[in-house]
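Before anything else, here's the structure in question.
The values are calculated or read from the model by the stated rules, or taken from the named source; none is laboratory data. A quick note: this is a predicted structure, and the numbers were derived from the prediction, not measured. As a convention, Cβ positions derive from the backbone with ideal geometry for all residues, glycine included, and neighbour counts pool all protein chains shown.
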């Protein structure tokens, strides 16, 4: 009698674990489907509105960047420093503590100051 109860308990437990695993797998697979509409929207320009309500239209394929303030660091982290066409005067200083600035010093020194 006791063995029969234990086997029923194990059966219920294994069925619950399998059901949870199937639900989890189904949830994971729904994220793997491609979204056709998002790829078509990437080909167009995007309109970005800032906190003051000003809007600017940004083309999908950027060719030139001017990074102002602290924006040059993420541009370098994205390995897009070849797209930069102008920098601030402080970015032309060779500063060892700013790795992105030190590595790209020759490039930044040759660019015009904005």
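Determine the pairs where a residue that is on the phi > 0 side of the Ramachandran plot, located within region 5-16, has a partner that is modelled with pLDDT under 85 with Cβ atoms under 7 Å apart, the partner being 6 or more residues away or on another chain.
The qualifying pairs do not exist here.
So, one more: Just one of 85, 75 is in contact with a strand residue (DSSP E or B) (Cβ under 9 Å, 6 or more places away or on another chain), at pLDDT 90 or above, closer than 16 Å to residue 111 by Cβ and assigned to a helix (DSSP H, G or I); which is it?
75
Take the residues of region 95-114 that are in a loop (DSSP other than H, G, I, E, B) and exposed (fewer than 12 other Cβ atoms within 10 Å of the Cβ): which is modelled with the lowest pLDDT?
Among those residues, the one meeting the criterion is 96.
Name every residue in region 49-72 that is at pLDDT 90 or above, in a loop (DSSP other than H, G, I, E, B) and surrounded by 13 or more Cβ atoms within 10 Å (Cβ to Cβ), in order of residue number.
Hits for region 49-72: nothing passes.
Please determine whether any residue of region 43-58 is in contact with a helix residue (DSSP H, G or I) (Cβ under 8 Å, 6 or more places away or on another chain) and without any contact (Cβ under 8 Å) to a residue 60 or more places away in the chain.
No, the conditions are met nowhere in region 43-58.
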